[in-house]
Amino acid sequence: MNPFDYLQADNASNAVKLASAAAAGKYLGGGTNLVDLMRETVERPDTLVDVTDLSRRIEARPDGSVMIGAAVKNTALAADRTVRRNFPLLSRAILAGASGQIRNMATVGGNILQRTRCTYFYDEASRCNKRDPGRGCDAIDGFNRYHAILGASPSCVATHPSDMCVALAALDAIVHLEGPEGVRMLKLVDLHRLPGGRPDIETELRPHELITDVELPALSFAARSTYRKVRDRASYAFALVSVAAALDLGDDGNVKDVRVALGGVAHKPWRALKMEAALRGRAATEVNFRAAAEGELSDAAGLRDNAFNRTRQADDRCRPR
Amino acid sequence: MQFDTPATTNPIDNLKVVGQPIPRIDGQLKTTGRAMYAYEWHDPKVPYAYGYPVGAAIAKGRIKSMDVSAAKKAPGVLAVVTALEVGKLKKGKYNTANLFGGQEIQHYHQAIAVVVAETFEQARAAAALINVDYAEDKGSFDLKVAMETAVKPETGEPDSAVGDFDGAFKAAPVVLDQSYTTPDQSHSMMEPHASIAVWDGDKLTLWTSSQMIDWWRSDLATTLDIDKEKIHLMSPFIGGGFGGKLFLRADALLAAFGAKAAKRPVKVALPRPFVVNNTTHRPATIQRIRIGAERDGKITAIAHESWSGDLPGGGPETAVMQTRLLYGGENRMTAMRLATLDLPEGNAMRAPGEAPGLMALEIAIDEIAEKVGIDPIQFRIVNDTQVDPEKPERRFSHRDLVGCLKLGAARFGWTGRGRPGSKREGDWLIGTGVAAAFRNNLVLPSGARVRLDSEGVVTVETDMTDIGTGSYTIIAQTAAEMMGVTIDKVGVHLGDSRFPVSAGSGGQFGANSATSGVYAACVKLREGIAQKLGFNSEDVVFENGTVRFGNRSIALAEAAGPDGLVGEDTMKWGDLTKTHQQSTFGAHFVEVGVDAATGETRIRRMLAVCAAGRILNPVTARSQVIGAMTMGAGAALSEELAIDTRRGFFVNHDLAGYEVPVHADIPHQEVIFMDETDPMSSPMKAKGVGELGLCGVAAAIANAIYNATGVRVRHYPITLDKLIGGLPDIA
């Protein structure tokens, strides 16, 4: 870990000002990933601006939407009554991630911006295009059990590790940002990038832009939703594959509307738009679910250790219960 | 004292303290954070400096040059010691790879430098500034490839053969011929290797985390090329070892070199990835098992072959050893072959040999029982033997495998077990499995010193270690029983090289050997007390804090006198382990659920029945067994060091990547100990149990998965990708 300055910000504008003034400033949330990366010297900020004193509000609004402050702890969001009642997939996704201790520290903003857990990314002696753009990737032909089957590139096969973001992607969450040039909004599904030739550029954030809030638009049928994470051990493991799904069934038993997002399969939380389109208006049957899942995965490409993902992936737990 | 005839009645048999469920006497220290582990020793007056290790970034080759100039100039840096400056060192007796020194790189993350700084963070930051130029050689990292050129090891007993295996196998009406693989595994103990070194002139004091004080002290003396007597080694508390701390490791050497260079006391802890790639691991195996049986299930031919790899000079994983003893059969053979691999050093991990050996053998038994068409428990009962099958004149000292299987079957509810793939509850395919547990009982010489003071307090000193097993407690129980006092009158001091040399902790020999050493020292002390009082020591009774002879009774405190009394002795072993086969036995029962859609396996119930001689303390023994069952669950379902065969290292080198079970993976665990003693084993009549609890667990889980799904997986760990293709359709 290199020496760095530690500053605290009491509001977003101040945080942006402090980070912009530094040569290599970074925002610090719970530190559950950034501090690890600093220890491994993968991240080398000269200044950390602590933003954990920013908004910790979870505001349920009359129109059914919810505004979540970026400094809300993961544990608090998962336990929130409104979230549990109206967006159970989000609560379940958060609780499927990490451990109780980590969730107590981690913030919503930090969770979104956590970096891949690809072991080669953490290992200074290995080649990694995220760490050293252009140097090559040791994961593509190495140990890649947890790596991408969708949207990967010859530069990078890493996956985004967040469970929470998979639920946010399914919910069309909107990320509120503040930067040196002012405030703006981005859909969560547009925030993270696919790796392409520049896997080191992971998001569409502009320099020193800060996540201030996350907004869940109203979605009536999100109350009928869940999150299913598949992993080798029952807790404290990243997803081999995970699914966030919400289902709106008509009286005729057909799918009126559906949301599906996949985790553990791509460089970003993967919104399964093809699958959703294939299901809308169709009967909610196992056969249709399977066909829709297979359609979503028609472009999937397996690597040495993760090709099994394709066989039965996303065999969906979105059937009504 | 020499133990060369079976034990008769002795004071331990009173079982007033020994055998009682006494909570561990060091428990409060541990739960309140007052048990000081190696890295935590702290004297506010001592100006500790911090050492951070640098490991080789290649697996094989040599260092051409090292540039440490930037590191030396970094903030807070006091010293940088490199392998090139130190030069080639003598190697300890128990190490295969060099721990430090010289140009040659034998494996990834072999220590090549230590940076010492005022703070840990400064040392770590400076270590990242060292630039190394390597000449890399091509290495061998893949056992499947290297097994082609594997050879017969030069030491041990690589081959065994009795009767005519080939002929009998050919003639057998029912045969099995299958291959199984077990992966490299990491000890992954909670506390990483750590040492603090302090030099006083040419004398070295080292706080460390060691299972074997005297082995470490000797090998440290050899490697540093100093007199053993000049080293004082302390390791009173150890946060787990599992075999990973049997042998001297790099942290001790780097602390010693760092402290010398910085002229300050230096603390060095190995970072977590170093625990995997710098230290030892359990080597992977490829095993072939052939069994021929009669239609009634009687084994007529059994063969077990195993291939494993290690660095040059290393040894094989002895995965075939239990097959020489566990089941009868007139025609038998075993063979071990050793390949050269340039991975980190392979060495002992909890139940070396038997753990991976039974992972294969006990699936094979399940398979042949199914082929014969009889219940796997019945198959094991049919093939039980009370003698060493290779040397029928040699009996087992005590063997109750059949009792374990029968009692376990009754308690677990074995009857009514369905056909493979026949039981389903919602999304879960349900199955049960059984496996035999077997582990040899080893004994090592063990010494102790016991003092009685003028307050009537008994204090035991031995260099025995407590790696979380309960050594403190069973040693206190032994001394209390022998001296006729309550356990609160006994103090125990362990893990210090100033104390008599003990067996140490490993190979499940620690509990029986070390308490026998304490028994011997107590016998000496009892004789000293009797002699001082002018009593005939044969007829003296020690009870209720008094020593009684005829109608005379004297308080121990008074008998000790103002100067106290001391007894010291070492238990040595005769040839009872040669004339009789001493082993421990058990049966593991497991129920699993396998998700019909995803192939995820979750364990629902576990039962172990253990026959391991006298159980010295049912509470600490149970802890050992449930910990071992948990380790077996990891071995079955998730633990595998993933090898990068291009660069020659274990990729998943931390506790996030190397998946040991978490609480959510472990269901209700029940442990039953058979009520037995083994007078051939020691005056304690006890045997080891800490490794027995692991042996066979993974196979019981594998067999339960087969029963649940009908999919037979012979390659560990049994992850969902190995099941998913064979699962029934979902709808």
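The values are calculated or read from the model by the stated rules, or taken from the named source; none is laboratory data. Keep in mind the model is a prediction, meaning the values are calculated, not measured. Please note: Cβ atoms are built from the backbone with ideal geometry, for glycine as well, and neighbour counts cover all protein chains shown. Accessible surface areas use protein heavy atoms only, side chains included; no ligands, DNA or RNA. Shrake-Rupley method; radii C 1.70, N 1.55, O 1.52, S 1.80 Å.
The table below gives the values:
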quantity: Volume of the Cα convex hull of segment B:397-521, divided per residue and given in Å³; calculated: 177 Å³
quantity: Estimated 222 nm signal from helices in chain B, with DSSP H stretches of n ≥ 4 weighted -39500 (n - 2.57), rounded to 500; calculated: -7500 deg cm²/dmol
quantity: Hits among aspartates and glutamates - C-alpha to C-alpha of B:Lys64 under 20 Å, sequence gap 8 or more where chains match; calculated: A:Glu124, B:Glu85, B:Glu104, B:Asp133, B:Glu136, B:Asp137, B:Asp342
quantity: Radius of gyration and maximum dimension Dmax of the protein assembly as shown, Cα, Å; calculated: 31.0, 101
quantity: Translational D in µm²/s for segment B:615-731 (Stokes-Einstein at 20 °C, 1.002 mPa s, Kirkwood Rh from C-alpha pairs); calculated: 128 µm²/s
quantity: MRE, 222 nm, helices only [DSSP H, n ≥ 4, -39500 (n - 2.57), over chain A, to nearest 500]; calculated: -6500 deg cm²/dmol
quantity: Base-10 log of normalised Debye intensity for segment B:311-452 (one unit scatterer per alpha-carbon) at q = 0.14, 0.19, 0.20 Å⁻¹; calculated: -0.86, -1.23, -1.30
quantity: Stokes-Einstein translational diffusion, segment B:82-129 - Kirkwood Rh over all Cα pairs, 1.567 mPa s, 4 °C, in µm²/s; calculated: 108 µm²/s
quantity: Span-like helix ranges in chain B, DSSP H, alpha carbon extent 27 angstrom or more, Kyte mean at least -1.0; calculated: B:510-533, B:618-637
quantity: Largest-first principal axis extents of the Cα set of segment A:72-212 (Å); calculated: 46, 37, 25
quantity: Projected-area average for segment B:1-87 over all orientations - Cα convex hull basis, square nanometres; calculated: 14.5 nm²
quantity: Stretchable slack from B:Lys203 to B:Glu455, in nm (0.36 nm times residue separation minus alpha-carbon distance); calculated: 87.2 nm
quantity: Estimated FRET transfer efficiency (B:Thr8, A:Thr41; beta-carbon r; R0 60 Å; 0.05); calculated: 0.35
quantity: Paramagnetic label zone (point 7 Å from Cα along Cα-to-C-beta, B:Asp133; backbone N under 19 Å) in segment B:66-80; calculated: B:66-72
quantity: Percent RCO, i.e. relative contact order, over chain A, from Cα pairs under 8 Å lying at least 6 residues apart; calculated: 18 percent
quantity: Chain B, relative contact order [Cα under 8 Å, separation at least 6], %; calculated: 17 percent
quantity: R0 of 35 Å, Cβ-Cβ distance B:Lys30-B:Tyr94: FRET efficiency to nearest 0.05; calculated: 0.80
quantity: Contour minus Cα-Cα distance for B:Lys144 and B:Thr119 (0.36 nm per residue); calculated: 4.5 nm
quantity: Partner aspartates and glutamates for B:Lys685 [C-alpha distance under 20 Å; skip if fewer than 8 residues away on the same chain]; calculated: B:Asp4, B:Asp13, B:Asp400, B:Glu481, B:Asp569, B:Asp575, B:Asp675, B:Glu676
quantity: log₁₀ of I(q)/I(0) at q = 0.19, 0.20 Å⁻¹ - segment B:460-604, Debye sum with one point per alpha carbon; calculated: -1.13, -1.19
quantity: Base-10 log of normalised Debye intensity for chain A (one unit scatterer per alpha-carbon) at q = 0.08, 0.09, 0.12 Å⁻¹; calculated: -0.35, -0.45, -0.81
quantity: Separation of alpha-carbon centers, segment B:61-126 and segment B:330-393, rounded to whole Å; calculated: 42 Å
quantity: Binned Cα-Cα distances of segment B:581-662, short to long, each 10 Å bin given as a whole percent; calculated: 14, 34, 29, 19, 4
quantity: Viscosity 1.567 mPa s, 4 °C: Kirkwood-radius Stokes-Einstein D of segment B:146-277 over Cα pairs, µm²/s; calculated: 71 µm²/s
quantity: Where the Cα pairs of segment B:50-204 fall when distances are cut into 5 Å bins, in %; calculated: 2, 7, 11, 14, 15, 14, 10, 6, 6, 5, 4, 3, 3, 2, 1, 0
quantity: Residue-averaged beta-carbon neighbours from other chains (10 angstrom radius) around A:203-209; calculated: 0
quantity: For segment B:447-495, average projected area of the Cα convex hull in nm²; calculated: 3.1 nm²
quantity: Label-point gap, in nm, between B:Arg394 and B:His42 - each point 7 angstrom along Cα→Cβ; calculated: 5.3 nm
quantity: For segment B:501-546, radius of gyration divided by Kirkwood radius, i.e. Rg to Rh on alpha-carbons; calculated: 1.15
quantity: Sorted largest first, extent of segment A:1-120 alpha carbons per principal axis (Å); calculated: 45, 35, 19
quantity: Approximate shape of chain B as ellipsoid semi-axes (Cα gyration tensor, √5λ), whole Å, largest first; calculated: 40, 38, 22
quantity: Equivalent-ellipsoid semi-axes of segment B:560-600, from the Cα gyration tensor, Å, largest first; calculated: 53, 23, 8
quantity: Equivalent ellipsoid semi-axes, segment A:176-253, via Cα gyration tensor eigenvalues times 5, rooted, Å; calculated: 30, 22, 12
quantity: Neighbour-limited loop hits for GluC sites (Glu not before Pro), segment B:118-210 (at most 15 other Cβ within 10 Å; DSSP other than H, G, I, E, B); calculated: B:Glu154
quantity: Residues A:Asp63 and A:Ser13, FRET efficiency given R0 of 25 Å [Cβ-Cβ distance, rounded to 0.05]; calculated: 0.40
quantity: Rounded if a/c under 1.5, otherwise prolate or oblate - segment B:266-310, Cα gyration tensor axes; calculated: prolate
quantity: Within 10 Å of each Cβ in B:123-135, the average number of Cβ atoms from other chains; calculated: 2
quantity: Surface per residue (accessible, 1.4 Å probe) for segment B:174-249, Å²; calculated: 29 Å²
quantity: Accessible area (Å², per residue) of chain A, counting only protein heavy atoms and a probe of 1.4 Å; calculated: 40 Å²
quantity: Loss of accessible area when B meets A, both sides summed, Å² nearest 100, probe 1.4 Å; calculated: 3000 Å²
quantity: Label-point gap, in nm, between A:Asp5 and A:Leu194 - each point 7 angstrom along Cα→Cβ; calculated: 4.1 nm
quantity: 1.4 Å probe, heavy atoms, protein only - residues of segment B:609-653 losing at least 40 Å² accessible area vs chain alone; calculated: B:Arg646, B:Arg647, B:Val651
quantity: Accessible-area composition of the protein assembly as shown, carbon plus sulfur, in percent [1.4 Å probe]; calculated: 51 percent
